[in-house]
Amino acid sequence: MQLPFAVIPLIRFTGDPERMGVFANATWVKALSWSAAALILVLNFWLVVTQAGPWTTAAPWHALLVLPPVAAVIGLLIWISFGNTRGAMKEDAAPGAAVVANLPAPIYRTILVPLDHSDRDRAAVAHATAMARVHGATLHLLHIEEGVTSQLYGSLSSTAEVHAGEEYLQGIAQLLAKQIS
């Protein structure tokens, strides 16, 4: 009974050239898939009639219990099959318009700056300090250690590379503190 609710949206989605582009189903694939969906629907309705038929003929008031849910399911299947399933999107709206409309201005209070002792550190610190000044945010510097020893032993590793990284991080932190104060 639930198979049409998966098959019909799948057929609509994979057959839509706007969504799928060049990968949209060919006409012959659409014809075969809609035929399969129709067969599934016919078999489902036949199942409902054969199962609910004797129960409703035994007491006519049972039909009042069966008909509203069957009508609701049929209505839902018609809407899924032929209705606008693109949601509340307007046809003239640009893709992504709902994401970009009325963006709130972010306020940064804490900024984490990962440093890896590379050429990118200067740009990262420059951007972070500029944002921190504008927002009155606190900077947190984090040194990323990529050495094999650090990966294996973590905080227990004590190599020249680790010491150099600690000195590098402390030097940047001290210079930034002097600039800000």
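The values are calculated or read from the model by the stated rules, or taken from the named source; none is laboratory data. Treat the numbers as computed from the prediction; the structure is a model and nothing was measured. Virtual Cβ from ideal backbone geometry, glycine too; neighbours counted across all protein chains shown.
Within the range 82-117, the set of residues being modelled with pLDDT of 85 or more and of a type in the set (S, T, Y) comprises Y108, T110.
Kindly indicate which of F13, F5, F23, F82 is in contact (Cβ under 8 Å) with a residue 40 or more places away in the chain and not aliphatic (A, V, I, L, M). The match here is F5.
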